[in-house]
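FYI, it's all coordinate maths here, none of it is from the lab. As the structure is a computational prediction, the values presented were derived from the model and not from experiment. Because the Cβ atoms are built from the backbone with ideal geometry, glycine has one as well, and the counts that use them run over all protein chains shown.
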Amino acid sequence: MAIAGLLFMPAVIFDTRLLVIVGAFFDWLPLPTGWMKIEGGARKNRKMIIAHAAVTLVAYAFAVLWLINPAVALKFLFIETWWTAVMLGAFISW
């Protein structure tokens, strides 16, 4: 996920939408590798997990819209929403 963030920041600053696609690969990589596996202790935070997933999906909806339409507002909506999802994920795993 850190690699994704390091790619997303220059993508937004320099308006390089290809970096968003590469960063998304690294951002979603923990899911198939099992690193983001929900274990017994995390089940009590089910609402936070659902909120994290929802905010992440909203962030990627903004990213897809930005890929289609290079509006300046969409890239900032993407990075702000994605960062909120990161903070929710960090809170869950704390």
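List of remarks:
- Kirkwood Rh in Å, taken over the chain so that all alpha-carbon pairs contribute: 13.7
- Rounded to the nearest 10 degrees, the angle from helix 72-93 to the longest Cα principal axis of the chain is 20 degrees.
- In order through the range 6-15: 3J(HN,Hα) via Karplus (6.51 cos²θ - 1.76 cosθ + 1.60), integer Hz, x for Gly, Pro: 5, 8, 5, 4, x, 4, 6, 5, 9, 6
- A Förster radius of 22 Å combined with the Cβ-Cβ distance from ILE92 to THR33 puts the calculated FRET efficiency at roughly 0.80.
- Amide H contacts of LEU29 (H built 1.01 Å from N, under 5 Å, at least 5 apart or other chain): none
- Charge context of MET9, other residues only, Cβ under 15 angstrom, K/R +1, D/E -1: -1
- HN-Hα J in Hz across the range 49-58 - Karplus 6.51, -1.76, 1.60, θ = phi - 60°, x for Gly and Pro: 5, 5, 5, 4, 5, 5, 5, 4, 5, 5
- Net length gained if the chain between ASN45 and THR16 were fully extended (0.36 nm per residue, minus Cα distance): 6.9 nm
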